[in-house]
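K.L.:
Below you'll find the structure I mean.
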Amino acid sequence: MSDSWAAVVTRIRRLQASDWRLLRDVRLEMLSDTPMAYVESLAAARRQTETQWQERAATMSGDSSITLVADDGTDGSRISGLMRVVIKQPQDPSEVLQAMLISVYVAPEHRGLGLADQLLDEACELAGSELGAGLIELGVHEDNARAKAFYERHGFEYTGGNRPYPQDKSKLEIVMARRIQPPSGPSQETKGPGGFIDDLAAALTPGQVAVDEPTRTAHAADQGPVLDLQLPLAVVFVESVEDVQHVVRSCAKHGVPIVARGAGTGVSGGAHASRGCIVLSLERMNRILQLNADDETAVVEPGVVNADLNAAAAEFGLMYAPDPASYKMSTIGGNVATNAGGLRCAKYGVTRDSVLALDVVLADGSLIHTGHQTFKGVAGYDLTSLFVGSEGTLGVVVGVTVRLRYLPREVHTVAAFYPDFRGAAAGVLAVGKARVQPAIMEMLDAGTLAQLDELYGSDLGERGQALLLIQTDGFGAAAEASLVREVLAAGGASVTAESNAEAERLIDMRRSSRGDEADTEYRVGEDVAVPRSRLVDYVAALEDMAVTHDVQLKVVAHAGDGNLHPTFWVDRVDMHVDADAMSRLNKALDDSIDAALEMGGTITGEHGVGQYKLRWLGLEQPGPVRELQHRVKELFDPSGIFNPGKAI
């Protein structure tokens, strides 16, 4: 469990009658956050007196109820999650004992982290202890595919019954139930997942299934902030399509979640292990299966490293255009999962623009091929584009057909230094108005330049407080670079034409400008994008936020397409951060998202939603759009085993 998660939720416990104030606060939050999920209205709850809340807490903590709360482990702390099961006493002693799950709530900042799973598992275990053999029943709105999948993962099945939905009688509530049993011997976690691991290893060779703690720990998280560290049950190193199919079928049989992983270079938590999952490592599927120079295409396995594909293509005067900063380590499969961008994407597009076809293993272990070998093709729905950027939630990509581009014979790099970051942003707009399309157009602020100077012994900070780095390519590169220099100099920049060696050094330094640190809860790199016309406004807003909230800030940006990576952080003293600093950091992050959305932008331009950005997704996408995505997810993955709690 990470420090940040431990600081918020360290225990799940039974509600006590003395918790009435906490119950009141969380109930009002529930009704304000999701009013259509509960029969009670917010107005009615607000009218209740202290005595009524005390009576309510006493009832919910009594013998006829199992009410669980999650909190930080200290008396009087805020409730982060709540689940209530009401025990139904049968009239006839011979009837099956039953309980009704009537209330589930997790605070927005803790959603997607497995807390609801923990509450439900604990509630079912307690119900088994207190009721013996019996049933837990619940009702789910007929259109709520996400809730259905959640409960199915926990052993609930459709009973065939339905009833009017309490909040909207024109809709139905589907009745689901799960059998519960009294404890009999060690739990599954205590005795270990031996049967599942045996099934998993049966069709694989020794060394493909790792259950040792160091390997599981090394594969438990990517480079994104960790909110809830979970060790996978095992790490499976697949080497073929058949291996993947076997693993998926085994996991489907046992109801074990699958988190597919490439190189683990993602920064949004998309490859973080989920509770009770296996990590499916695709790094050994690293072959370039075909490279057709005449058709300008390649077919690769998902574990092929981006730089290795580019090296192979260069022998034929070609290149694979998408080039994330991690291109020397990141895999094509991982790039496909997040629809990765990179430095060249302003001119050549993101990963989706270079993917022609995919081979995908679905949740039942079947293999499908989507797309085509040609650059053009509009037959049927574009399932290829649907899988690209789906972050491993719809299937496991086991083959990728990509389009290659011509490797430029001529490249020119221009470095423009400015006295401030806003001036560099204005330079981006000036180049656009000159109707020049650079291959690379990157902005680096003073904090980033200082970091690079410290790392490389360079003197970038002495040359200006912001750098606009522009690269043109192709047969017209020289003419375009000349015009760019003229436009930027007219805007007040100190402009240099870099030699080839120095240019490559600057580009490499830009690629490493995030630094070596992985993002943590104390240091978070954002990935917003705004329309280019709002770059100056957004940069100004970021700088104001850092001052307002007293946090550190550095910014790099793929300025050519408006994709910015502001990094906010607070300093630690002896590895500790006080609560006020964390509050200021989170307010700055929230404000940076709000500002981007207000300017017509998005919460993520290329890194993906993963686990970390789920808390902001609802700000960008309305409920009906998110629900439609959950229905798509349910169609492809009805049991919800692919990367649960991520992306949507």
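The values are calculated or read from the model by the stated rules, or taken from the named source; none is laboratory data. Here the structure is a predicted model, which is why all the values come from computation and not from measurement. Heads up, the Cβs are rebuilt from the backbone with ideal geometry, glycines too, and the neighbour counts pull from every protein chain shown. Calculation scope for accessible area: heavy atoms of the full protein, side chains included, ligands and nucleic acids excluded. Shrake-Rupley method; radii C 1.70, N 1.55, O 1.52, S 1.80 Å.
K.L.:
Which three lengths, in whole Å and largest first, does the range 528-648 cover when its Cα atoms are put on their principal axes?
P.N.:
46, 41, 22
K.L.:
Still on this model: Multiply the residue separation of T49 and E125 by 0.36 nm, subtract the distance between their alpha-carbon atoms, and state the gained length in nm to one decimal.
P.N.:
On the way: separation 76, 0.36 × 76 = 27.36 nm, distance 3.38 nm.
Net length gain for the segment: 24.0 nm.
K.L.:
Additional query: Between E213 and E504, what is the label-point separation in nm under the 7 Å Cα-to-beta-carbon projection?
P.N.:
In this crude label model, E504 to E213 measures out at 4.6 nm.
K.L.:
Return the carbon/sulfur percentage of the accessible area of the chain, one whole number, probe 1.4 Å, all protein chains in place. Display every interim value, and only then the final one.
P.N.:
Details: 14140 of 27960 Å².
Of all accessible area on the chain, carbon and sulfur atoms account for 51 percent.
K.L.:
Return a whole-number percent for the relative contact order of the range 354-476, with Cα pairs under 8 Å and 6 or more residues apart as the contact set.
P.N.:
That works out to 27 percent.
K.L.:
I would also like to ask the following. Give, rounded to the nearest 20 debye, the magnitude of the charge dipole that the chain has about its Cα centre when Lys and Arg contribute +1 at Cβ and Asp and Glu contribute -1 at Cβ. Present the calculation step by step, with values, prior to reporting the outcome.
P.N.:
Working: 59 positive and 89 negative charges, 261 e Å.
Here the size comes out at about 1260 debye.
K.L.:
Quote the Stokes-Einstein diffusion coefficient, in whole µm² s⁻¹, for the chain, based on the Kirkwood radius over alpha carbon pairs, a temperature of 25 °C and a viscosity of 0.890 mPa s.
P.N.:
Answer, rounded: 91 µm²/s.
K.L.:
Please compute the length gained on full extension between S512 and L635, using 0.36 nm multiplied by the number of residues separating them and subtracting their Cα-Cα distance.
P.N.:
40.3 nm
K.L.:
Once you keep just the Cα pairs under 8 angstrom separated by 6 or more residues, what percentage relative contact order results for the range 263-343?
P.N.:
Value for the range 263-343: 28 percent.
K.L.:
So what's the angle, to the nearest 10 degrees on a 0 to 90 scale, between helix 623-636 and the longest Cα principal axis of the chain?
P.N.:
80
K.L.:
If you don't mind, there's one more thing I want to ask. Dipole of the chain (Lys/Arg Cβ +1, Asp/Glu Cβ -1, origin at the Cα centre): which of Y158, S281, V86 lies farthest to the positive side?
P.N.:
Y158
K.L.:
Still on this model: Please work out the FRET efficiency for the pair T74 and Q290, using the Cβ-Cβ distance as r and a Förster radius of 35 Å; give the result to the nearest 0.05.
P.N.:
It comes out at approximately 0.05.
K.L.:
What would the Debye formula give as log10 I(q)/I(0) at q = 0.23 Å⁻¹ for the alpha-carbon point model of the range 574-623, no solvent?
P.N.:
-0.90
K.L.:
Moving on to the next point. If R₀ is 56 angstrom, what is the calculated FRET efficiency for the pair F475 and H154, using the beta carbon separation as r and rounding to 0.05?
P.N.:
Values: r = 61 Å, r/R0 = 1.09.
Taking R0 as 56 Å, the efficiency between F475 and H154 is 0.40.
K.L.:
Starting from a Cα-only point model with no solvent, please compute log10 I(q)/I(0) by Debye for the range 210-304 at q = 0.16, 0.17, 0.19 1/Å.
P.N.:
-0.68, -0.75, -0.88
K.L.:
Please sort by residue number the GluC sites (Glu not before Pro) in the range 527-619 whose DSSP state is loop and whose Cβ has at most 16 other Cβ atoms within 10 Å. Working shown, then result.
P.N.:
Details: sites: E543, E598, E606; in loops: E606.
Sites meeting the loop and neighbour criteria: none at all.
K.L.:
Give me the number: length gained by fully extending K88 to T374, i.e. 0.36 nm times residue separation minus the C-alpha to C-alpha distance, one decimal in nm.
P.N.:
Additional length available on full extension: 96.7 nm.
K.L.:
Find which of Q223, V39, A363 sits farthest along the positive direction of the dipole of the chain, computed with +1 on the beta-carbon of Lys and Arg, -1 on that of Asp and Glu, about the Cα centre.
P.N.:
V39
K.L.:
If you don't mind, there's one more thing I want to ask. Can you list which of the chymotrypsin sites (Phe, Trp or Tyr not before Pro) found in the range 403-491 are DSSP loop residues with at most 14 other C-beta atoms within 10 Å?
P.N.:
Here the chymotrypsin sites (Phe, Trp or Tyr not before Pro) that fit, given the DSSP loop and packing criteria, are F475.
K.L.:
If I take every Cα pair under 8 Å that is 6 or more residues apart in the chain, average their sequence separation and divide by the length, what percent do I get for the relative contact order?
P.N.:
Relative CO of the chain lands at 12 percent.
K.L.:
Taking the Cα-to-Cβ direction at T59 and at D198 and moving 7 Å from each Cα, how far apart do the two end points lie in nm?
P.N.:
5.0
K.L.:
State in Å² the accessible area per residue of the chain; use a 1.4 Å probe, count heavy atoms of protein chains only, and round to the nearest integer.
P.N.:
The answer is 43 Å² per residue.
K.L.:
Let me ask you something else. Apply 1/(1 + (r/R0)^6) to the Cβ-Cβ distance of S170 and A579, taking R0 = 30 Å, and write down the FRET efficiency to the nearest 0.05.
P.N.:
0.05
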